[in-house]
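The block underneath contains the structure these notes are about, expressed in structure tokens.
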Amino acid sequence: MKKHFAIAILLILVFAVSISTVLAETPITQSFDTIGSIVTFGRYEQDGDKENGHEEIEWVVLDVQDGKALLLSKYGLEAKPYNTEYTDVTWETCTLRAWLNSDFLNKAFSAEEQSAILTTTVDNSSSQGYNDLNSIDGNNTQDKIFLLSYAEANRYLSVKYWKEDDGNNTKSRVAPTDYAIETGAYSTDIYQTADGKPAGWWWLRMPGLSNFDAPYVHNGGSLYYEAVFRDYGVVRPAFWLNLYAADEKGGDTTVKIHGIVYYNTKKVIPVEPEESAIVNEELPINGSMTDKKITAYAFINDEQSDDILVCLIDGEWYQFLATERVGQP
């Protein structure tokens, strides 16, 4: 069967009438897979000089798992209230969430970059708050861009409630950009970041003490709470990035199946249904591409290493070359 399988695929390649290159995807080339590294992705106004265009956004890699990386902006990018009105809100309903996933997302990232940002199920349960003071549950949300919760800030940046902290956590302090200062961000020389810049305070996502306030990281680095309409705290966006996704440079693509990365220029291989019937089967899949559905695949060689892979993705055929293993098959 495998021999017939291989012959059928070879015939598909031999008799393909045309091969056209389409928008390609590449593995991220910066150190996105190294926790603690600083990377650049997207652009946003930061220096306050709008005439020279937007500047590259720097991100801190907080976590890496299963081919994705959690990024948090290194600087406070803009001053924004958690909610524009002093009213009963949750993360699900606040204006800051709406702004992050619309205006900010579209302004800071190209279409290709947005396709690399994963949609995340954001946990808004009481487990994400400071347990001794908080028992408020919120609905989980589906977001591309979000704020860290207290639990996440505690895990990744050692943030603690102010009564349990000495207020000297430089790891969690943030400096607002010049543009954020222009938009009203507060900062002070009393508390400075690890690189000696005046620190601002930055919002975390709810739950808070009530639905009229939200948690934030104080200039000193500790957990406090503030009324949702305060407009001088800065925003540090966070998101999960697909490490095998499109970047704006284009050129190559990857697909991961059975723990192996298949890597080559993406090519469309036109085939007739009868020619592809032998490989157009529902086969076990252990991998995916960004915003793509793999419905079938087959190998030209019997071995699943250093071989050619043909995939049926969203109704079109693509060809890849296996290059390296990433974990156990």
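Only one residue in G250, G208 is modelled with pLDDT under 95 and over 24 Å from T141 (Cα atoms), so which one is that? The conditions single out G250.
Among the residues in the range 106-116, are any more than 29 Å from G48 (Cβ to Cβ), in a loop (DSSP other than H, G, I, E, B) and touching a strand residue (DSSP E or B) at 6+ places or on another chain (Cβ under 7 Å)?
For the range 106-116, residues more than 29 Å from G48 (Cβ to Cβ), in a loop (DSSP other than H, G, I, E, B) and touching a strand residue (DSSP E or B) at 6+ places or on another chain (Cβ under 7 Å): absent.
In the range 155-183, the residue that is nearest to Y232 (Cα to Cα) out of those that are part of a helix (DSSP H, G or I) and among the basic types (K, R) is K171. Once the range 65-97 is narrowed to residues that are touching a helix residue (DSSP H, G or I) at 6+ places or on another chain (Cβ under 9 Å) and closer than 14 Å to F239 by Cβ, the residue that is surrounded by the most Cβ atoms within 10 Å (Cβ to Cβ) is L77. The set of residues in the range 179-190 being surrounded by 13 or more Cβ atoms within 10 Å (Cβ to Cβ) and over 19 Å from L77 (Cβ atoms) is empty. If only residues of the range 117-143 that are charged (D, E, K, R) and surrounded by fewer than 18 Cβ atoms within 10 Å (Cβ to Cβ) are counted, the one that is farthest from N101 (Cα to Cα) is D132.
Tally the residues that are among the aliphatic types (A, V, I, L, M) and under 20 Å from G48 (Cα atoms), restricting the search to the range 174-217. Residues meeting the conditions: 6. The residues of the range 32-64 that are farther than 16 Å from R236 by Cα, in contact with a Phe, Trp or Tyr (Cβ under 6 Å, 6 or more places away or on another chain) and free of Cβ contacts under 8 Å to residues at least 60 places away in the same chain amount to a single one, H54. Which one is modelled with the highest pLDDT among residues in the range 31-46 that are loosely packed, with under 13 Cβ neighbours inside 10 Å and in a loop (DSSP other than H, G, I, E, B)? So, considering only residues that are loosely packed, with under 13 Cβ neighbours inside 10 Å and in a loop (DSSP other than H, G, I, E, B), the one modelled with the highest pLDDT is G36. Close contacts from the range 220-234, counting a first residue that is without any contact (Cβ under 8 Å) to a residue 60 or more places away in the chain and farther than 18 Å from K80 by Cα and a second that is assigned to a loop (DSSP other than H, G, I, E, B) and of a type outside the set (D, E), with Cβ to Cβ under 6 Å and a gap of 6+ residues or different chains, come to G220/G167. When the range 191-230 is limited to residues that are among the aliphatic types (A, V, I, L, M) and surrounded by fewer than 19 Cβ atoms within 10 Å (Cβ to Cβ), the one that is nearest to A98 (Cα to Cα) turns out to be A227.
Looking at the range 76-87, is at least one residue free of Cβ contacts under 8 Å to residues at least 40 places away in the same chain, farther than 20 Å from L157 by Cα and basic (K, R)?
Scanning the range 76-87 turns up no residue that is free of Cβ contacts under 8 Å to residues at least 40 places away in the same chain, farther than 20 Å from L157 by Cα and basic (K, R).
The values are calculated or read from the model by the stated rules, or taken from the named source; none is laboratory data. Here the structure is a predicted model, which is why all the values come from computation and not from measurement. Every residue, glycine as well, gets a Cβ built from its backbone with ideal geometry; the counts of neighbours run over all protein chains shown.
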